[in-house]
Amino acid sequence: QEHTRVRLLGWLAQALYWTDQGERRHRLSREALEAARRTGDPTVIAHALHSLHVALWGPRHLEDLRAAAEEMLELGRSLGDRDIQLKAYTWLITDALQTDPIEVADGYIEDYARLAEELHRPYLLGYAESMRAARAHLEGRFDDMLRSMAAQLAHSEEADALRAQEAHRWQRGLLLLDLGRVDDVLVDDLADLAACHPGLTFGVMSVLAQVTVDRLDEARVELAGLVPDDLASIPRDCMWAGTLAMLSRVVCALGAVEYARPLYDLLATFGERNAVWGSGFIIFGPVSGYLGMLATTFGEPDVALGHLEHALERSRQLGSPPLVARTRVEMARALLARRSEGDAERARSLLEDARGVASDLGMASLAAEADHLAAIDRAQHAKLPERP
């Protein structure tokens, strides 16, 4: 009877995840875990730990989440239960991508993929491929990303097909944004997808696509309709960090200063982390990079450069040429805004390096940003009076 109660409490806590009943969700999940520990049954405890991770999943409870996932893995191994281990690895991947060296996350991904192959279940194999796609995107291996995305979709046709298709569309949308292959068809596709998921989280990428094709007035109207008056009211769920990362890009591209400072204040607490969307389907990179972008937008380039130096080092540690190049472009933007002695020369060097990487990787939109900033620099330089 107690075993049944634990499972019911855990399932109820999970069912409340996408509601505004956070306190109740947390209470139920902790009550389930306390009851599970009283039973002494490791399988029941593992189930309760999984429910706890679902209930607490978000930026505020990372230490508790990591501890729950590690205990789940230990229980799964001691029981020889591969299903428990796979659930644990899913959480460990998600948690590690935010804070750990990338090699740690890669180890968890490899362990997950090995167990998925052993069980040969389509959904498990599909998730493994989606993680490979996310890692390929991070490293700029875009052809590999496309292959993993296709494999993910093929595996998942037999199980959870709708969810798999949506994950595929979001990864594809982000890839095409990076490659500069954005047209009205993609913009409309992302808008249709966002319409199926009302709210800020799924609307921001659609607005980012509008910005990319210079539908700026439309993007501003859409943004105003999406963003709540109180940004702190945005639910701090598993989509929060990735949503705010994309929102930061939109705000900075549109020069929407009114949103920049509130966004900065929300993200500042998490400046040592990477922004990850959901279960790691998209890795947006160091939060410090977005803090730097926002600080440039609200007119504090010195603050911006401090964040961006941190983001540059983190991006190198992640082994991510695309993030390194993007961070160099943002550093150049901050330097050109500040224009202290030597800033213009350093900005030109950063833009040259970033444009070279972007061109090699096929990131047309980032190369265009670098060219745009270089043109601004040339125009500013031409207006400067000659020194006596």
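The values are calculated or read from the model by the stated rules, or taken from the named source; none is laboratory data. Computed from a predicted structure; not experimentally measured. Here the Cβ is made from the backbone with ideal geometry for all residues, glycine too, and neighbour counts use every protein chain on show. Ligands, DNA and RNA are stripped out before the accessible areas are found, and what is left, the full protein with its side chains, is counted by its heavy atoms. Shrake-Rupley method; radii C 1.70, N 1.55, O 1.52, S 1.80 Å.
Before moving on, here are some points about what is shown:
- Exclusive hit being open to solvent by 50 Å² or more (accessible area, probe 1.4 Å), in contact with a helix residue (DSSP H, G or I) (Cβ under 7 Å, 6 or more places away or on another chain) and without any contact (Cβ under 8 Å) to a residue 40 or more places away in the chain, set 378, 333, 328, 355: 355
- Residue match in region 22-41 (condition: of a type outside the set (Lys, Arg), more than 24 Å from residue 89 (Cβ to Cβ), surrounded by fewer than 16 Cβ atoms within 10 Å (Cβ to Cβ) and touching a residue at least 60 places away in the same chain (Cβ under 8 Å)): no
- Selected residue [at pLDDT 95 or above and either of a type in the set (Val, Ile, Thr) or farther than 30 Å from residue 148 by Cβ (or both)] from 333, 328, 378, 316: 333
- First in region 86-106 and closer than 16 Å to residue 62 by Cβ and among the β-branched types (Val, Ile, Thr), second anywhere and modelled with pLDDT of 95 or more and outside any helix (DSSP H, G or I), Cβ under 6 Å, 6 or more apart: 99/273
- Evaluation of residue 79 against (1) modelled with pLDDT of 95 or more; (2) open to solvent by less than 40 Å² (accessible area, probe 1.4 Å); (3) of a type outside the set (S, T, N, Q) (one fails), failing number: (2)
- Scope region 268-309; condition assigned to a helix (DSSP H, G or I), among the small types (Gly, Ala, Ser) and surrounded by fewer than 20 Cβ atoms within 10 Å (Cβ to Cβ); matching residues: 268, 306
- Residue match in region 229-248 (condition: in a helix (DSSP H, G or I), open to solvent by 20 Å² or more (accessible area, probe 1.4 Å), out of contact with any strand residue (DSSP E or B) (no Cβ under 9 Å at 6 or more places or on another chain) and under 22 Å from residue 172 (Cα atoms)): no
- Flag if residue 37 is among the basic types (Lys, Arg), closer than 28 Å to residue 137 by Cα and part of a helix (DSSP H, G or I): no
- Scanning region 83-107 for residues being open to solvent by 10 Å² or more (accessible area, probe 1.4 Å) and either closer than 20 Å to residue 155 by Cα or at pLDDT below 95 (or both) gives a total of 3.
- Qualifying residue in region 120-130 (condition: over 19 Å from the mean Cα position of the chain (by Cα) and within 18 Å of residue 177 (Cβ to Cβ)): no
- Boolean, residue 7 is part of a helix (DSSP H, G or I), within 29 Å of residue 129 (Cα to Cα), open to solvent by 60 Å² or more (accessible area, probe 1.4 Å) and among the basic types (Lys, Arg): no
- Within region 167-181, considering residues that are open to solvent by 40 Å² or more (accessible area, probe 1.4 Å) and without any contact (Cβ under 8 Å) to a residue 60 or more places away in the chain, the one farthest from residue 369 (Cα to Cα): 169
- In region 249-262, residue least open to solvent (accessible area, probe 1.4 Å) [restricted to those that are aliphatic (A, V, I, L, M) and over 12 Å from residue 223 (Cβ atoms)]: 260
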